[in-house]
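The values are calculated or read from the model by the stated rules, or taken from the named source; none is laboratory data. In this text the structure is predicted, and so the values were computed from the model without any measurement. Every residue, glycine as well, gets a Cβ built from its backbone with ideal geometry; the counts of neighbours run over all protein chains shown.
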Amino acid sequence: MFFVALCLALVTIEYRRAGARFRSALAAAGVAQGLSAGEAAREAWRHDAAFLAERAAGQSAAGDDARRG
């Protein structure tokens, strides 16, 4: 049981780190396109939330691409 809890904790930590890297990359792209840092950060959070909502609904872009190919 301890091993399962440890694995779930590690997966959660890595998931959060991946989300942070995703938002950071989106914000950097937004700044490169001329947005202010605040606007880019808000836009990154908005995109991340939309991605998570689609993923929860089972409609991730990667899954759609895999079904088409």
Problem - Residue in region 53-69 that is modelled with the lowest pLDDT, counting only those that are in a helix (DSSP H, G or I) and either basic (Lys, Arg) or touching a helix residue (DSSP H, G or I) at 6+ places or on another chain (Cβ under 8 Å) (or both) - result: Arg68
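Select from region 6-39 the residues that are more than 22 Å from Arg55 (Cα to Cα), assigned to a helix (DSSP H, G or I) and at pLDDT 85 or above and list them in ascending order.
Ala28, Ala29, Gly30, Val31, Ala32, Ala37, Gly38, Glu39
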